[in-house]
Every structure is written in structure tokens, then in C-alpha cells.
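The values are calculated or read from the model by the stated rules, or taken from the named source; none is laboratory data. Quick caveat: nothing in here was measured; it's all calculated off a predicted structure. Here the Cβ positions follow ideal geometry from the backbone for every residue, glycine too, while neighbour counts run over all protein chains shown. Heavy atoms of the whole protein, side chains included, go into the accessibility calculation; ligands, DNA and RNA do not. Shrake-Rupley method; radii C 1.70, N 1.55, O 1.52, S 1.80 Å.
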Amino acid sequence: GYYRRGGRTPLYLFELSQCLLDFVVQLLPSKEEVSVKEDVRKLLERLIKTIEPSAQLLSFGSTANGFELKNSDMDLCCLLDLRTDPLPSASQFVLRAAQLLEKETKFAVKPLPNARIPIIKLSLQPSPSIPFGIACDIGYENRLALENTRLLFTYAAIDPTRVRTLVLFLKLWSKRRKINSPYHGTLSSYGYVLLIIFFLVHVKDPPVLPNLQQMPPMRPISPSDTQINGRNVWFFDDVDLLRRKWQSPNTDTIGELLLDFFRYYSREFNYTTTVASIRAGHLPKELDPTKPIDPREGTSLWIEDPFETSFNVGRCVTRDGLYTIRGEFMRAMRILTTKHETAMASLASLCE
Ligand code: ATP
Ligand code: MG
């Protein structure tokens, strides 16, 4: 295999896997951090109920999908009973709730009522009791985000050791290498996680993970039960059954998968012609030649959202951004296949 050519032996890959496991343990939030965040969620929920009694405040993103790093932001979503009359619009909700939180809490509050997805940004500076500070976004009625969080959670639960280790390591790596910033033309954590799952479902042969959106359901499902905002959000979500019944035919170690991930996205994935779709595999890009390309939107990297299939999660990635990201994939390959004293030294230099 390639690692022999690169002077890499199975022993090195074994050592690399052990180091990855040790490495990510240090990245996890403490029990205290997890409980402080849960207390904050409850407090905010209690306050919001004073203006909307049916409100529920639910976690999504990394605090709920199993891929949380230390000090990561909290993503919260407010759901109301849809029979609420009148049901406030997202921007009305954001303005009213922001006013309330400004008055009743110590958070710095910033409402963004006119964003594509209106949110309230909250932050608390670090203090002795909260050494990591808190940053939190509250959105409204974002039911698709709750579902894609559940999808990622389920993928993580099927093979927690390999999937979580890879994802946590790659998230940290992308943050340290400064290629995890949609505002600066690179990719969100969500985008990287989708690339990893795509790789484990559709690139690895035999696959490490099944395609949860294409597995046959255990009992008939009616389309109306699985639609949110006109999107089909069905996937096989019986974690217990999956754990008991789905045995991956792929036995690659975490170290092999990591190397292979970098190799695939630095050399093999065809960015010009291909859409990465967890739902449907490798899809051809269909650029509409009659439509001008919106210069604000990157067309370089196409990652189909699992449910909002008309939506490119990589749309923020500019040409320069993609160039930088691919450069980082190549750098990572080079570091992992050239000589270091120890595998731990390779990982450290990878995340410098
Ligand atoms: P981090 O620890 O870096 O915050 P995260 O797992 O919370 O990582 P984010 O990129 O912050 O990942 O995304 C949080 C959630 O927001 C995702 O689980 C997803 O539901 C939603 N989301 C983020 N970006 C997009 C996007 N481009 N399209 C659709 N949903 C998105
Ligand atoms: Mg987040």
C-alpha cells in the first residue's frame, strides 16, 4: 500500500491510531463544562418561557451530535407550539427575546434579526467560575438543523471510536490550521463532518458506515411523518438495532482512515465535476449554463446537505479557500508519511 511507499509500516499506523485516541481524549470538554452549559440552556429556556409559554430550547450542533470539543460554542434552537396564535416571525422572536435576555441576564446580547437565519448571539467573558466563557447562538424554528444533528449523532453512535476520533481530530486540526471559517472563505465544522461521513460511507470500500438514508425502514412509513419544510428527513435512526446488527466489513484502523482521508481529498476527489452527497454518493455537478454564477457564492466545493438537498454546504468556500484547504490536505499527507521521532510528534506538527 501507499504507506509502504511512504516508508510507513503497519506498526507506525498502529502507533498513530493509539496516539489519535490519546490525543482526542484531551480535547473533550470536562464534566463541569458540560453541566454548566446544560444549566445555561435551562436558564435561557425558563426566561424565554416567560414571553412564549410553549417555548422549548433544544441543543443542536456539536453540543448534541457527539462531536463537542472543549470550549465550543452552544447552538440552541427555540421551538414553539405551532398552534401559537399569532406565531411570531423569526425576526420578531429574535428581537423580543434579545430584549428580554439583555434585561434579565449578564450575557452580552446581539440580535441578528435580518440574517439569512435570524439568531441571537450571546456571550459571557471567562471568569473564575466559568474559565472557558460561553458563546451561544439561539435560532428559531430551525427544525432541519435538529434533524441533521440527529443524523450525525446516529452516524457517530454506530462506530463511536473510529467516527468520533476522526471527527474530533479533524475539527481541531481545521481550527488550528485556520481553515474552519465560512466567513473567511473556508469550510464550517459541519462541512468537514459531512466530508468525513461521505468518505466513510461512499469512498471506503468496504464502507465503514452504512447509508442511513437508504436503508430499508423496519416498518412502513408515511411520507407525511417524515417531511419537514417540504424535505424528506427520514433516516434509519434505531441506534440500538444498528449497534447490534450492523457490523462494518471494514477493519481499517483510525490511523489508516486518517491517512486515507487526507489522500482522498488531496488527490482523488474531483472537485471540478463532483458533488459529495451523503444521501446519494458521488453526483455530477449540474451547473446551469444559462445562469450567471453569483460571485458571492463559491462554486468550488459542493457538499450536498443531507436533507436540504438543493443547498450547498460548501457554498461559502471561495476558490482561494479551496486552494488553501487542499494545500492543507497535502501538507497533512506529507507530515504523516515522512519521518518523525514518534507518531505523537507527527500529530503535534500536523496541528501546529
Ligand atoms: P463547532 O464545535 O465548530 O461549533 P459544530 O458541530 O457545532 O462545530 P457548526 O458548523 O457550528 O458545527 O454547525 C452547527 C449546526 O448548524 C450543524 O449541526 C447544522 O445543523 C447547522 N449548520 C451549520 N452550518 C450549516 C450549513 N452551512 N448548512 C446547514 N446547516 C448548517
Ligand atoms: Mg457549533
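Some points to look at:
- Selected from A108, A156, A135 as most flexible by GNM, with the chain as the system and alpha-carbon contacts under 10 Å: A108
- Accessible surface of region 103-223, 1.4 Å probe, proportion on carbon and sulfur as whole %: 57
- Zone residues, region 120-148, relative to L82, backbone N less than 11 Å from point 7 Å out along Cα-to-Cβ: 143
- Span from the region 177-192 Cα centroid across to the region 295-352 one, whole angstrom: 9
- Between helix 90-104 and the chain there is an angle of about 80 degrees, using the helix long axis and the longest principal axis of the Cα atoms.
- The chain: angle of helix 10-25 to the longest principal axis, Cα-based, in degrees nearest 10: 20
- By average C-beta atoms within 10 angstrom, highest first, the peptides 265-275, 198-208: 198-208, 265-275
- Calculated FRET efficiency, Q92 to K178, Cβ-Cβ distance, R0 = 51 Å: about 0.90 to the nearest 0.05.
- Size of the chain from its Cα atoms: along the principal axes, largest to smallest, the extents are 66, 53, 47 Å.
- Estimated at 0.36 nm per residue, the fully extended path between R319 and C351 surpasses their Cα-Cα distance by 9.2 nm.
- Measuring between their Cα centroids, region 127-146 and region 229-285 lie 28 Å from each other.
- With a simple spin-label model that places each label point 7 Å from the Cα along the Cα-to-Cβ direction, the separation between L43 and K103 comes to 1.9 nm.
- The DSSP beta bridges internal to the chain are antiparallel in roughly 75% of cases.
- Förster-model FRET efficiency, 35 Å R0, Q26 and H282, C-beta, rounded to 0.05: 0.50
- Global size of region 24-97: 14.6, 48 Å for Rg and Dmax (C-alpha atoms, Rg to one decimal, Dmax whole).
- Solvent-accessible area per residue, Å², over region 31-142 with all protein chains present [probe radius 1.4 Å]: 53
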